[in-house]
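Note sheet for the following structure.
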Amino acid sequence: RSRAAADVRASLRALGRARSDRAKVDGIAALVRMTRGHEAKWLVKTLPPAMQGVGISLEATVLPCLGRAALVRCKGPRVAKTDLQRAGKSIREAYARRGDVEVVADAVLGVIRGGESDFHGALVEALGRACCLAPGVPPAPMLANPANSVKDAVARLLKYKKGTTVIGRYPAIAVERKYDGQRAAIHRTASGEVRIFSRKNDDMTAKFPDVVEYVNAAAPRGVAFCLDAEIVPVGEDNKPRPFQELSTRKRVDVASAVVDVRVRVAIFDLLWLGAEDITSRPLVERRRALKAAFGPPSRDVCYADDGCADVTVDGDDDEETIMSALHDAVDAGTEGLMLKRLDAPYEFSAGPRSNAWVKLKKDYLDGLGDSFDLVVIGGWRGQGRKNKWVSPVLVAARDPATGALGSVCRVMSGLTDVFYRDFTTRVLGGEIVGDRRPSGGLLRNGPAPGVVTGETCRFWFEPRIVWEIKGADLSLSPVHKAAAGLVHSQRGISLRFPRFLRERPDKSVRDAATFAEVAERYRAQSNVSK
DNA sequence: CCTGTCTGCCCC
DNA sequence: ATTCTGC
DNA sequence: GCAGAATGGGCAGACAGG
């Protein structure tokens, strides 16, 4: 044992000295070879993310290597780049349809053994046969591209060219509400078993016994299907509640009788019905089949396009139409809109997000959504690329009555490298070098007087700098303390998806957002009970 | 048994 | 989730 | 245009320690 420990130690030391990718891969390989069975998994978990990325990512490495291996076996050691790309694409698409490396690998092995002369034809045929969509086996869900304005959304939709049956001269677009819940692939097999999968295809069936009942009640009898849907927390009025409430549901051993957070299922796509894969059919047809099969909306199951009307983007007044639908959607307590080409097939997310689906959230738009001027009060040392800089940064709102500074959130998104360098120099007196403790700038020994937070910062600053921070919405926080006591006895108010917009050198701490303002904006959210 | 901390191919 | 960076 | 990196809030569960 001591012999093995010494070997491991020596290998870790060597890995620490490694500079090139080649050396890192060799170092990791040496360590992995020392492991038995599950030990490898735990070894890999201990490596920093940058090292884990070296040579062992499934999508980026394992799948392409499978293609290369097959090419080498079938066509010899000299592999053309185009062949490699073709094979890689086929394999990635197959994996998106059926996320099971074993099935994919078996199909590829079959091609190698078959020794066909038409390698690519044989590969496509074998993968198509083995990796077909099937109820009970969740594919990688189709993803939407974000748009930062209505104009941008329309431009993206027009750019999409893969549609096969453009209706009329201009593309018809489905408008749907973007509910703030959990994405769910809801499958029912031919034997009648219902399974619910998350966006990353984790089995969530145990968490949603009520959803199983709702969907079984709405579905046609004795038919298999694959639905795409959003599970949304709702109140007694059947209106959306904050996402935060959905996550308080138990995840294991849930009996539908004791579910405390009621949900509604907003369905929006149908991939399979009866014995047929309909993903290659255009959305118009899939949606028609969906509504024919599942009937009118009910208390428990609705359609994401309820309350919306399709639009045709002909450059006429579609921007106003969409903007007005966006405001309606936000008033109804949803995040915004999904805009979808009605002529596009369902595209499993192998690679880039499709422009056939575009998401338009209110907070992406300038002038909409919540933004606050907050005081910089502390921070930590960044990891990896940001090791020389302060990242993330803790920001706070203030209470004019007491002088308290209650933390709102950490921020890192939206900060550029150039800004980091300048900011770090201002608050620490220079970039962070080695293990030396910085001293200078606005650095303090502890939190400034009045600071209230559940966070423990590595660096605390003199409260001087004001930043404008934007978020999607406000939540009640167990760690952040802004406005604590105003809407909840202990919990403060925090920002979801915070990002830095700009520094406000024109503002002093006295001009920063107050607890009262933050509390008011929290209460003004349409899904918060008053 | 209670509490504090850490983890999750977590959810967003 | 969001955003920035480098290719 | 795309992949990769570095990170956000917040929850239930699991686990460690008293």
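The values are calculated or read from the model by the stated rules, or taken from the named source; none is laboratory data. Computed from a prediction, not measured in an experiment: that's the story for all the values here. Reconstructed Cβ throughout: ideal geometry from the backbone, glycine too, with neighbour counts over all protein chains shown.
Tabulated data for the structure shown
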item	result
Among (1) buried (at least 18 other Cβ atoms within 10 Å of the Cβ); (2) hydroxyl-bearing (Ser, Thr, Tyr); (3) near DNA strand D (Cβ under 10 Å from one of its atoms) - the single one A:Ser413 does not satisfy	(1)
Selection within region A:57-106 - touching a Leu at 6+ places or on another chain (Cβ under 8 Å), among the hydrophobic types (A, V, I, L, M, F, W, C) and under 27 Å from A:Ser354 (Cα atoms)	A:Leu84, A:Ala87, A:Ile91, A:Ala94, A:Val101, A:Val104, A:Ala105
Residue selected from region A:423-440 under the condition within 13 Å of A:Val393 (Cβ to Cβ) and not aromatic (Phe, Trp, Tyr), by the criterion nearest to DNA strand C (Cβ to nearest atom)	A:Thr424
Residue in region A:280-289 that is surrounded by fewer than 16 Cβ atoms within 10 Å (Cβ to Cβ), of a type in the set (Gly, Ala, Ser), outside any loop (DSSP other than H, G, I, E, B) and more than 28 Å from the chain's Cα centre (by Cα) present	no
Cross-chain or 6+ apart pairs with Cβ under 8 Å, region A:482-493 first and free of Cβ contacts under 8 Å to residues at least 24 places away in the same chain, then part of a loop (DSSP other than H, G, I, E, B)	A:Gln490/A:Ala484; A:Arg491/A:Pro478; A:Arg491/A:Ala484
Unmet requirement for A:Ala482, which otherwise passes all of (1) part of a loop (DSSP other than H, G, I, E, B); (2) away from DNA strand B (no atom under 16 Å from the Cβ); (3) surrounded by fewer than 20 Cβ atoms within 10 Å (Cβ to Cβ)	(3)
Residue match in region A:418-433 (condition: more than 32 Å from the chain's Cα centre (by Cα) and in contact (Cβ under 8 Å) with a residue 60 or more places away in the chain)	no
Which listed residue is among the charged types (D, E, K, R) and touching a Gly at 6+ places or on another chain (Cβ under 8 Å), from A:Arg221, A:Arg249, A:Arg262, A:Arg288	A:Arg262
Of all residues in region A:488-499 being part of a loop (DSSP other than H, G, I, E, B) and within 12 Å of DNA strand D (Cβ to nearest atom), the one that is surrounded by the fewest Cβ atoms within 10 Å (Cβ to Cβ)	A:Gln490
Unique residue being without any contact (Cβ under 8 Å) to a residue 40 or more places away in the chain, assigned to a loop (DSSP other than H, G, I, E, B) and not assigned by TED's automatic domain parsing to the domain that holds A:Ser149 when the list is A:Gly454, A:Gly441, A:Gly414	A:Gly441
Failed condition for A:Val313, given (1) more than 16 Å from DNA strand D (Cβ to nearest atom); (2) surrounded by fewer than 12 Cβ atoms within 10 Å (Cβ to Cβ)	(2)
Qualifying positions in region A:100-150 - out of contact with any Lys or Arg (no Cβ under 7 Å at 6 or more places or on another chain) and within 16 Å of DNA strand D (Cβ to nearest atom)	A:Ala140, A:Met142, A:Asn148, A:Ser149
Scan of region A:342-384 for residues that are over 30 Å from A:Pro141 (Cβ atoms) and not in a loop (DSSP other than H, G, I, E, B), ordered by number	A:Ser371, A:Phe372, A:Asp373, A:Leu374, A:Val375, A:Val376, A:Ile377, A:Gly378, A:Gly379, A:Trp380, A:Arg381
Complete set of residues in region A:245-266 that are in contact (Cβ under 8 Å) with a residue 40 or more places away in the chain, surrounded by 16 or more Cβ atoms within 10 Å (Cβ to Cβ) and of a type outside the set (Lys, Arg)	A:Leu246, A:Val254, A:Val259, A:Val263, A:Val265, A:Ala266
Filtered residues of region A:500-513 (kept if surrounded by fewer than 18 Cβ atoms within 10 Å (Cβ to Cβ) and either out of contact with any Asp or Glu (no Cβ under 8 Å at 6 or more places or on another chain) or not in a loop (DSSP other than H, G, I, E, B) (or both))	A:Leu501, A:Arg502, A:Glu503, A:Pro505, A:Asp506, A:Ser508, A:Arg510, A:Asp511
Criterion: away from DNA strand B (no atom under 16 Å from the Cβ), outside any helix (DSSP H, G or I) and either free of Cβ contacts under 8 Å to residues at least 40 places away in the same chain or closer than 26 Å to A:Asp277 by Cβ (or both) - qualifying residue of A:Ala140, A:Ala190, A:Ala126	A:Ala190
